[in-house]
1. Would you point out which residue out of R59, R13, R33 is of a type outside the set (G, A, S), surrounded by fewer than 11 Cβ atoms within 10 Å (Cβ to Cβ) and in a helix (DSSP H, G or I)?
2. Looking only at segment 71-83, decide whether some residue is surrounded by 13 or more Cβ atoms within 10 Å (Cβ to Cβ), touching a His at 6+ places or on another chain (Cβ under 7 Å) and assigned to a loop (DSSP other than H, G, I, E, B).
3. Given the residues L29, L44, which is the only one that is closer than 30 Å to R74 by Cα, assigned by TED's automatic domain parsing to the domain that holds K86 and at pLDDT 95 or above?
Amino acid sequence: MTKMEIANLVHERVGLSKRESAELVDDILECIRGSLASHENVKLSGFGHFRVRRKNERRGRNPKTGQEIMITPRYVVTFKASPLLKAKLNQEDES
């Protein structure tokens, strides 16, 4: 699903104009991006939560050459689905 598809769903279900719907979706995603960039976790009730995690420096290997390299420390975003979302996914598989 793309941002435009989400904006179209908002347009259809809420009744905002297509432009307003697209701006709303962009604003929400920008809020989430900003929170994650500030190393804040984001929890969306009934959907799941995004966590910012720090990965330490570690030794890795270049798959092409096999040469050992050091992978620099960095932050990554992880997502964990809520129990409600997991139940919904499994419910649809059983149908």
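The values are calculated or read from the model by the stated rules, or taken from the named source; none is laboratory data. Bear in mind that the values here come from a model prediction, so they are computed numbers and not experimental data. Please note: Cβ atoms are built from the backbone with ideal geometry, for glycine as well, and neighbour counts cover all protein chains shown.
1. Values: R59 fails: in a helix (DSSP H, G or I); R33 fails: surrounded by fewer than 11 Cβ atoms within 10 Å (Cβ to Cβ).
The conditions single out R13.
2. Looking through segment 71-83, none of the residues is surrounded by 13 or more Cβ atoms within 10 Å (Cβ to Cβ), touching a His at 6+ places or on another chain (Cβ under 7 Å) and assigned to a loop (DSSP other than H, G, I, E, B).
3. Details: L29 fails: assigned by TED's automatic domain parsing to the domain that holds K86.
Answer to the selection: L44.
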